[in-house]
Amino acid sequence: MAKYLAQIIVMGVQVVGRAFARALRQEFAASRAAADAQGRAGHQSAAASSLSGLSFQEAQQILSVSKLSSEEILKNYEHLFKVNDKSVGGSFYLQSKVVRAKERLDEELKIQAQGDRAKEQPTRT
């Protein structure tokens, strides 16, 4: 009886291990494909995420913006910064998150502008 129980446990561990390895390979492939699709801007965006500690999507959620519009970012930033001011009973932690989100989106706007300038410049051969 113990022998069969041990065999069942070993088989279960093998099945779970194979499934985990397959899922990991798929995740690596998807990540690589996404990075290739993003191209150079993807590397810059990833660097900006690591510096600010926020991903692009997190920053968009914090400031409630759906597209990169400097006017909308600034409007939402100013509102959330004032609402979370410690002197009016707000949270310093939330206020700092709002500041980091604005910095992250500003960095993304800068990366986007650099990409646009690079596309506009004619290539020299």
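Rule-based calculations on the coordinates, nothing more; no lab input. Source: prediction; values computed, not measured.
Here LYS67 is the anchor, and the lysines within straight C-alpha reach of less than 28 Å, apart from those fewer than 8 places off in the same chain, are LYS75, LYS82, LYS97, LYS102, LYS110, LYS119. Each residue of region 55-69 was assigned a 3J(HN,Hα) from its phi angle through the Karplus curve 6.51 cos²θ - 1.76 cosθ + 1.60 (θ = phi - 60°); the sequence is 7, 4, 5, 4, 5, 4, 5, 4, 8, 6, 10, 9, 9, 7, 10 Hz, with glycine and proline shown as x. Couplings for region 9-16, taken from phi via the Karplus curve 6.51 cos²θ - 1.76 cosθ + 1.60 with θ = phi - 60°, read 5, 4, 5, x, 5, 5, 5, 5 Hz in order; Gly and Pro are left as x.
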